[in-house]
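See below for the structure under consideration.
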Amino acid sequence: MEVRLIQRHADLSGRRILEIGCGRGRLTRELAHLASSVVAIDPDPARIADARRLKASEGMSNVSFRVATAERLRPSGEPFEVALFSWSL
Amino acid sequence: MVHALERARQALLPNSPLVLIQPHQTKRPLVAVTSGRRRQLVAALVNSTFQPRLDAAVSAIRTVVDRGLFSRLGTSHQQFRVQLVSPAALRRYVNLAPTPSRFPAGGRQRLNDLWRSRTDGARIEVTESFTVFGLRRLGE
């Protein structure tokens, strides 16, 4: 449902997506099916560890999980085409 | 929070969308006991820790729009319902949140009373309300 609602405002297909506040990767998993790549960040190392396990078990090769906050985000590489704050601002 | 939005803007291509999913600013999670078509309201959960953060988030969105950093693409309000099989399941569900909501005074007692007098197939239903904000990055 969340992805459908997000797509009312942003086309996710084939996009480079930044997800802020990814938690354990519940929404990231759905985004990964649509996006060209997803960088998913969360400040909690334990949640990111869980998300990485999810990535390994589901083969989400286009996803990168990182421990980070939006406030400390440093632009690097190509800019993103969509940014999401999922329950996290 | 404004700083977080500014950072996200820096990471975005110009004219690209930023989407935020937030709990609704004023509609709290509603707990009811349901059975068939019957729905008995228990209470709206409260969260005194979370509410100031929610107000600040909405204010931050307004600020970045007022500063010309983003334009609004639209705002939509949505609900979803979660069906739970017992008060223990409700407790587990509520405690999934980093800052769990609580019953207001008398709320848990009302739940226990309604649950004791439930009919077969009864469920505890939580109605969650949330808002999706769509923004577009302005400027170079």
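The values are calculated or read from the model by the stated rules, or taken from the named source; none is laboratory data. Only a predicted model underlies this, so the values are computations on that prediction, with no experimental measurement involved. FYI the Cβ positions are ideal-geometry reconstructions off the backbone, even for glycines, and counts take in every protein chain you see.
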Going through segment B:16-35 one residue at a time, which ones are in contact with a helix residue (DSSP H, G or I) (Cβ under 6 Å, 6 or more places away or on another chain) and more than 10 Å from chain A (Cβ to nearest Cβ)?
B:Q25, B:V33
Is it true that B:D120 is exposed (fewer than 14 other Cβ atoms within 10 Å of the Cβ), closer than 30 Å to B:R9 by Cα and out of contact with any Pro (no Cβ under 6 Å at 6 or more places or on another chain)?
no
Output the residues belonging to segment A:24-35 that are more than 9 Å from chain B (Cβ to nearest Cβ), closer than 24 Å to B:A97 by Cα and not charged (D, E, K, R).
A:G25, A:T28, A:L31, A:A32
What tally of residues in segment B:47-99 results from selecting those that are over 27 Å from B:G121 (Cβ atoms) and either small (G, A, S) or in a helix (DSSP H, G or I) (or both)?
23
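The rows are residues; the columns are (1) facing chain B (nearest Cβ under 8 Å); (2) among the aliphatic types (A, V, I, L, M); (3) in contact (Cβ under 8 Å) with a residue 12 or more places away in the chain; (4) surrounded by 18 or more Cβ atoms within 10 Å (Cβ to Cβ).
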residue	(1), (2), (3), (4)
A:E2	yes, no, yes, yes
A:H9	yes, no, no, yes
A:S37	no, no, yes, yes
A:A46	no, yes, no, no
A:A51	no, yes, yes, yes
A:S61	no, no, no, no
A:T69	yes, no, yes, no
A:S76	no, no, no, no
A:L84	yes, yes, yes, yes
Which residue is modelled with the highest pLDDT, if the candidates are limited to segment B:110-139 and must be polar (S, T, N, Q) and touching a Leu at 6+ places or on another chain (Cβ under 9 Å)?
B:T127
Going through (1) over 22 Å from the mean Cα position of the chain (by Cα); (2) more than 9 Å from every other protein chain (Cβ to nearest Cβ); (3) aliphatic (A, V, I, L, M) one by one, B:L13 fails only at (2)
Which of (1) buried (at least 16 other Cβ atoms within 10 Å of the Cβ); (2) touching a Phe, Trp or Tyr at 6+ places or on another chain (Cβ under 7 Å) is the odd one out, the single condition B:P29 does not satisfy?
(2)
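For a quick check of your reading: which helices (runs of 4 or more DSSP H) sit entirely within chain A and have at least 1 residues that are closer than 27 Å to B:R72 by Cα? I'd like the intermediate steps shown before the answer.
Working: elements: A:2-6, A:26-34, A:45-58.
In chain A, the matching helices (runs of 4 or more DSSP H) lie at A:2-6, A:26-34.
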Quick one: which of B:L84, B:L69, B:L41, B:L54 is in contact with a Pro (Cβ under 7 Å, 6 or more places away or on another chain) and surrounded by 12 or more Cβ atoms within 10 Å (Cβ to Cβ)?
B:L54
Is at least one residue of segment B:31-44 polar (S, T, N, Q), more than 21 Å from A:A68 (Cβ to Cβ) and free of Cβ contacts under 8 Å to residues at least 12 places away in the same chain?
no
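So for segment B:63-80 (the condition being out of contact with any Phe, Trp or Tyr (no Cβ under 9 Å at 6 or more places or on another chain), under 27 Å from A:D44 (Cβ atoms) and either among the polar types (S, T, N, Q) or at pLDDT below 95 (or both)), does at least one residue qualify?
Kept after step one, since they are out of contact with any Phe, Trp or Tyr (no Cβ under 9 Å at 6 or more places or on another chain), are these residues of segment B:63-80: B:63, B:65-71.
Pick out the ones that are also under 27 Å from A:D44 (Cβ atoms) and you get B:63, B:70.
So of that shortlist, the ones also either among the polar types (S, T, N, Q) or at pLDDT below 95 (or both) come out as B:63.
Yes - at least one qualifying residue is present in segment B:63-80.
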